[in-house]
1. Please report, in debye to the nearest 20, how large the charge dipole of the chain is about its Cα centre when each Lys and Arg carries +1 at its beta carbon and each Asp and Glu carries -1 there.
2. How long are the three semi-axes of the equivalent ellipsoid of segment 7-123, in whole Å, if each is the root of 5 times an eigenvalue of the C-alpha gyration tensor, listed from largest down?
3. Could you pull out the pairs from K87/K118; K146/K171; K64/K118; K64/K146 whose alpha carbons sit more than 25 Å apart here?
4. With a 10 Å radius around each residue's Cβ, average the other Cβ atoms per peptide and rank 192-202, 145-155, highest first.
5. Summing -39500 (n - 2.57) over the DSSP H runs of n ≥ 4 in the chain and dividing by its residue number, what mean residue ellipticity at 222 nm do you reach, to the nearest 500 deg cm²/dmol?
6. Tell me, what is the percent relative contact order of segment 87-211, built from C-alpha pairs under 8 Å that lie six or more residues apart?
7. Normalised by the residues of segment 1-112, what does the relative contact order come to in percent, with Cα pairs under 8 Å and at least six apart?
8. For the chain, report the translational diffusion coefficient in µm²/s to the nearest whole number, using Stokes-Einstein at 37 °C, 0.692 mPa s, and a Kirkwood Rh over Cα pairs.
Amino acid sequence: MKRTEGALVGSVSEHGFNPHMVILSDDAGQFNVFLHALCRIHAERTINRLSGFDDERRRALEKKQTEIWEFYSELKQYKESPHADKKGRLNVRSDEIFTEKTCFASLNKAPEHIYRNKDELLLVLERPEIPLHNNASERDIREFVKKRKISGSTRSSPGRRARDTFASLKKTCRKLAISFWEYLKARAKGCYDTVPYLPELIHRHACALVA
């Protein structure tokens, strides 16, 4: 698998992939390529899984969660209006939140992983245009995951390819505000005037966003 991933990275690099393109992931190792950023929602799950067993530890946990969400709100504000002063202050605030010691040993340990990945979690300070989380990608595959849980996987490789292809086409049509049914009818009839090629529509949509 690693050889395959290496070949894919080499291929996209050779064909002109922008090495400054940010890859945002949930910390799965196979996505740690090029310029890598981490999803804050996934990173904070180690803290959200904790449960205080007395009032003092519950208060410490609630305080830490509040600090993290307030920090998240500040990052969203920074994305809207980046400024060097804000950048420095957010860096300092991150250190304070994720290195502070409390009465709760597990709560002291949980942020260690987050803090080790500080550069990837705070890449947004250098690149304000990138998202803070990868929930959009998670939503894209949710329908497939639900179907897999209900009916199990496909019986053959062609079946898997057909399922994945049609799921991708349907999601793409939905994002472009195109009826998937109309798209299928246009393709079956060969009526490309009715629904143009999807790559052409994606290109138009991208140009409209940057215009």
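1. Working: 39 positive and 29 negative charges, 251 e Å.
So the magnitude is around 1200 debye.
2. Numbers: eigenvalues 200, 66, 21 Å².
After scaling each eigenvalue by five and taking roots: 32, 18, 10 Å.
3. On the way: K87/K118 13 Å; K146/K171 15 Å; K64/K118 17 Å; K64/K146 33 Å.
From the list (K87/K118; K146/K171; K64/K118; K64/K146), the Cα-Cα distance tops 25 Å for K64/K146.
4. Working: 192-202: 12.5, 145-155: 9.8.
Per-residue mean Cβ counts within 10 Å order the peptides as 192-202, 145-155.
5. Working: 12 runs with 137 residues, N = 211.
Helix-only estimate at 222 nm: -20000 deg cm²/dmol.
6. Values: 38 pairs, mean separation 14.3, N = 125.
Relative contact order for segment 87-211 comes out at 11 percent.
7. Details: 78 pairs, mean separation 21.4, N = 112.
It comes to 19 percent, rounded to a whole number.
8. 157
No lab work stands behind these numbers, since they all come straight from the coordinates. Every value quoted in this text rests on a predicted model; they were computed, and no experiment measured them. Backbone-built Cβ (ideal geometry, glycine too); neighbour counts: all protein chains shown.
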